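Student: The structure that follows is given in the form of structure tokens.
The values are calculated or read from the model by the stated rules, or taken from the named source; none is laboratory data. For clarity, every value in this text was computed on a predicted model and none was experimentally measured. Cβ coordinates were reconstructed from backbone atoms using ideal geometry, including for glycine residues, and neighbour counts include every protein chain displayed. In case anyone asks, the SASA skips ligands and DNA or RNA and just uses the protein heavy atoms, side chains included. Shrake-Rupley method; radii C 1.70, N 1.55, O 1.52, S 1.80 Å.
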Amino acid sequence: MTETGADEPQHTTGADQLFGLGSRFRGFFNDPRWALAIIRATVLEAAHPQIGAALADNSTFVTHPWRRLRNTVTSLQRMSGADEEARRKEAARLNRLHSRISGTDARDRPYDAMDPAVRAWVVATLFESSVAMCRFGGQPLEQDAIEELYGEFRGYLAALDGDARHLPPTVHEFWPYYERVVAEELEHTEAMRIILYRLFDHLPAPPLLHGLPTLWAAGRALVGPVIGAVTVASLPEPFRHRAGLPELPGARTLMQSAYLGAGLARFLPEGWLRTETVLDLLALSPDSDDPRARSLRALRDRMRRAGALVRLITPLPPEPEHGDTGLRRGAEEFFATVLDQTGDGYVDWPDLAAMARELAGRLDLDEPAETRLYDAFADWWRELQTALDTDGDGRVSCREYTEAVPSLAGPALIRVAEVLFDVTDANGDQRIDAAEYRALFRRGFHRDLTGTDDAYPRGAFVRDFLSFMSGRARSTPYDPLLADA
Amino acid sequence: MTLEEVVDGSACGPAREEGRRGVPRHVACVMDGNGRWAARRSLPRTSGHRAAETTVIDVIEAARSAGVEWLSLYAFSTENWQRPGAEIDFLMRLVRRVVRKHAPLLHARGIRCRFLGVTDPRIPPPLARDFADLTTLTAGNRGMTLTVAFDHGGRRDIVAAARSLIRSGVPAEAVDERCFAAHLPFPDTPDVDLVIRTSGEQRISNFMLWQVAYAELIFSPVLWPDFRAPHFLECLHTYQRRERRFGGVRPNENGERRP
């Protein structure tokens, strides 16, 4: 790799100023074109064999893309914010998270999310896609602006890795590096194929639009393929060639129009398009206590009523012989929406690790609490594997799960519930108060009944968690936490 | 609809004259006698259930036009699971057909429907789905509230309320009737003013135990499949002639309204 040695240290310590309020990086953050640029960057990342393998094995982006996007944006904000302490903490968290991701790909080549060369490539794709975004949109950046931006991205890598040795020191040297990786290292990986051709065609509705499945599916059928075509057309020419990606007539014009069109949104009044606001809104569950959810809730209620009426007046099909199929379907649904976080049809350690990751992220856990939580999940995984993996292939299929549902609430799962209680109970007073509850579930206490005390004691917490996790009960707080897209 | 109400209202006389009280706010019916109705005709029990459908619709319509605000029907108790499997299967299919058949009508009549109980896993999921759909469909209606007790047990509801109360951590001294009632399922349901049980049986059979505390009880000798709107209106008249004291000397009025 481009080992450039211990170069100028001012770049690494200079991160604080580089991410100041006026930085270019932050300027892009609310630019709608950045959404397209991020997709493009993600495809380029996924085309790197190591990253592609890590994504395919561990990532939840196919089944829970909105949650993943929101976590990424929050992380980028912390990393680029003015608060140095928050940045250090986030960098440490990201490092811990990535240190848990390693393995081997389908061809037995090892991957490791901590490999510095790999991490440099991630930052490189983000930088290059930002530059390309301006170029496609018809407003190319000036040379010194590019240099400034490059400095900021190197600062980002330095904040993560401690130094930015694996990215060339200057933009001038960056381009040969970038072209070499594109030409020599990128492959047509499975993860890339999924992003380009599956993700947008099957993108689940964000929580806000859950009640409007028809509307969502119609919009997706139209927009999904366009996003795919736009992204393909924006990829570097040599790579498209090598990966055998289709050249659709007019795709390039479409791509440039998309970037141009998205760029026009900058003429909207200040504050209309803030990434955080949009994402917050999308992640909002219509059941939440947020006032913004109200008008949508009204619309959704009307749709639900219409749906109920249609179902009720649809003539009944001939009576099928009913056995225990009802229970089984429930188990299958639970398997798909909650347990199989990566969406590959099996429950495996990465699925449970993804749950632990989501919980740790929500609660903003530090060490050693984070490791405790992961350990509890790891024990649960061993318990599940022992109990359910009847064919001994090391993972649990949907069929193995549905055939053995009742035996799910073993001691290790109870232990998970207890550890989760401990780490949620931030002040250690043995009850979850309103603030702690909100940190975990992102919603207020919603006990339907008029209790006088606004606290959630250990016993009730453990019981509710168990009945959700063993698939026995749907639960208003846990469903958005672990099942929402 | 309003015109009709006025006409029907004057016909059955809910007018609050001196010394007479109005229409009961909450009427609850124990629909008894389907089996005997069938036996008297040497028909299988299932045909008694089938004949009950007409009565149910008739009574709902009579109650609505008489100005009853809450009507509760005891369709299936937790004890009914002990009946033969074939009869239960038949009942489940019948109820599903009835619910689907009358859903648009109930909705058009502005009736808010909901189902009390419905917790047993033996309830076929499609039926539970239809219950949920009908509840959703009619949730916004402001006419009469129809509560169908299905897989219901009064004691079970009280136990569930006690559980929920303990879970909410209310100190023992702070528990009073009002606070306890808030933990019952559908806590907005007002006290039952009138219980009608058909077929001459004189029991309450674990039906909405908490809510019937002060209810007037009327036991009609008519079997449920033969029970019709005129019988129902007759029961309302009987109720109106009775004097309700609630153990004290309060004047005639309906039971307590819940918040």
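Student: With n ≥ 4 as the cut-off for DSSP H runs, can you work out [θ] at 222 nm for chain B, using -39500 (n - 2.57) per run divided by the number of residues, rounded to the nearest 500?
Tutor: For chain B, the value works out to -13500 deg cm²/dmol.
Student: What average number of partner chain Cβ atoms lie no more than 10 Å from the Cβ of the residues making up A:300-311? Could you put the intermediate results ahead of the total?
Tutor: On the way: counts 0, 3, 1, 0, 4, 7, 2, 3, 12, 8, 2, 10.
The mean count of partner-chain Cβ atoms within 10 Å per residue comes to 4.
Student: Here's something else I'd like to know. I'd like to check one number: the per residue accessible area of region A:10-265, probe 1.4 Å, reported in Å² as a whole number.
Tutor: Details: 10940 Å² over 256 residues.
Per residue, region A:10-265 has an accessible area of 43 Å².
Student: Same structure again: Shape of region A:10-265 from its Cα gyration tensor (a ≥ b ≥ c, root eigenvalues): rounded if a/c is under 1.5, otherwise prolate when a/b > b/c, or oblate? The partial results should precede the final answer.
Tutor: On the way: a/c = 1.30, a/b = 1.24, b/c = 1.05.
It comes out rounded by the Cα gyration axes.
Student: Hey, if we sort A:Asp389, A:Asp348 by accessible area with the 1.4 Å probe, largest down, what's the order? Write down the numbers at each step before the final one.
Tutor: On the way: A:Asp389 25, A:Asp348 50 Å².
So, going from the largest accessible area down, we get A:Asp348, A:Asp389.
Student: Would you please give the FRET efficiency between B:Val175 and A:Asn427, computed as 1/(1 + (r/R0)^6) with r the Cβ-Cβ distance and R0 = 35 Å, to the nearest 0.05?
Tutor: After rounding, the FRET efficiency stands at 0.75.
Student: Something else: Determine how large the accessible area of B:Thr189 is when every protein chain is in place; take a 1.4 Å probe and give Å² rounded to the nearest 10.
Tutor: Approximately 10 Å² for this residue.
Student: Taking each residue in B:123-131, count the Cβ atoms of any other chain within 10 Å of its Cβ, then average. What number comes out? Let's see the in-between values first.
Tutor: Numbers: counts 1, 3, 6, 7, 1, 1, 4, 4, 0.
Per residue, the average neighbour count from other chains is 3.
Student: Further question: Where does the charge balance sit around A:Arg242 when Lys and Arg score +1, Asp and Glu -1, over other residues with C-beta under 12 Å from its C-beta?
Tutor: Numbers: positive: A:Arg240; negative: A:Glu184, A:Glu185, A:Glu187, A:Glu237.
Computed value for this residue: -3.
Student: In Å² (nearest 100), what accessible area is buried between A and B, both sides summed, heavy protein atoms only, 1.4 Å probe? Before the final figure, lay out each step's value.
Tutor: Details: alone 23900 and 12950 Å², together 34960 Å².
Answer for the A-B pair: about 1900 Å² buried.
Student: Something else now. In percent, what relative contact order does chain B have, based on Cα pairs under 8 Å that are 6 or more apart in sequence? Show your work: numbers first, answer last.
Tutor: Details: 402 pairs, mean separation 69.6, N = 259.
Averaging sequence separation for qualifying contacts and normalising by length gives 27 percent for chain B.
Student: Then there's this: Can you pull the accessible area of B:Leu71 for me, 1.4 Å probe, Å² to the nearest 10?
Tutor: 0 Å²
Student: Which of the trypsin sites (Lys or Arg not before Pro) across region A:106-149 are loop residues per DSSP, with 13 or fewer other Cβ within 10 Å? Could you put the intermediate results ahead of the total?
Tutor: On the way: sites: A:Arg107, A:Arg119, A:Arg135; in loops: A:Arg107.
Passing sites in region A:106-149 are A:Arg107.
Student: Using the Cβ atoms and a cut-off under 10 Å, what net charge is assigned to the surroundings of A:Thr390, where Lys and Arg are +1 and Asp and Glu are -1? Kindly include the intermediate steps, with their values, before the conclusion.
Tutor: Details: positive: A:Arg399; negative: A:Asp389, A:Asp391, A:Asp393, A:Glu400, A:Glu403.
With Lys, Arg at +1 and Asp, Glu at -1, the neighbours total -4.
Student: Carbon-plus-sulfur fraction of the accessible area of region A:10-265, 1.4 Å probe, in percent? Show your work: numbers first, answer last.
Tutor: Numbers: 6500 of 10940 Å².
Roughly 59 percent, rounded to a whole number.
Student: Right, next: What helices does chain B have that are whole DSSP H segments, at least 27 Å long along their own axis by Cα, and with mean Kyte-Doolittle hydropathy of -1.0 or more? Can you show the working numbers first?
Tutor: Details: long enough: B:45-66 (32 Å, -0.22); B:85-108 (35 Å, 0.21).
Length and hydropathy pass: B:45-66, B:85-108.
Student: Another question about this same structure. What residue among B:Val192, B:Val222, B:Val23 shows peak mean-square fluctuation when chain B is described by a Gaussian network model with Cα springs under 10 Å?
Tutor: Evaluated over chain B, the most mobile residue of the options is B:Val222.
Student: What does the charge count near B:Pro84 come to, summing +1 for each Lys or Arg and -1 for each Asp or Glu among other residues with Cβ under 15 Å from its Cβ?
Tutor: On the way: positive: B:Arg45, B:Arg83, B:Arg93, B:Arg122; negative: B:Glu79, B:Glu87, B:Asp89.
Cβ neighbours under 15 Å give a net charge of +1.
Student: Ok, one more. Over all pairs of distinct alpha carbons, what does the Kirkwood formula give as the hydrodynamic radius of region B:85-218, in Å?
Tutor: With all distinct Cα pairs of region B:85-218 included, I get 16.7 Å.
Student: Further question on the same structure: What does the accessible area of A:Glu332 come to, in Å² to the nearest 10, when a probe of 1.4 Å is used?
Tutor: About 80 Å², ignoring ligands and nucleic acids.
Student: Given contacts defined as C-alpha pairs under 8 Å and at least six residues apart, what's the relative contact order of region A:10-265, whole-number percent? List each step's numbers first, then the result.
Tutor: Numbers: 285 pairs, mean separation 74.0, N = 256.
Averaging sequence separation for qualifying contacts and normalising by length gives 29 percent for region A:10-265.
Student: Starting from the residue with the highest accessible area, list A:Leu215, A:Leu208 in decreasing order, probe 1.4 Å.
Tutor: Numbers: A:Leu215 115, A:Leu208 20 Å².
Ranking A:Leu215, A:Leu208 by accessible area, largest first, yields A:Leu215, A:Leu208.
Student: Can you tell me the equivalent ellipsoid semi-axes for chain B? Use √(5λ) from the Cα gyration tensor, largest first, whole Å.
Tutor: Working: eigenvalues 143, 127, 69 Å².
Equivalent ellipsoid semi-axes, largest first: 27, 25, 19 Å.
Student: Follow-up. From other protein chains only, count the Cβ atoms within 10 Å of every residue's Cβ in B:162-171, then give the mean.
Tutor: Average per residue, whole number: 4.
Student: Highest mean first, how do A:430-440, A:156-166 rank when packing is the count of other Cβ atoms within 10 Å averaged over residues?
Tutor: A:156-166, A:430-440
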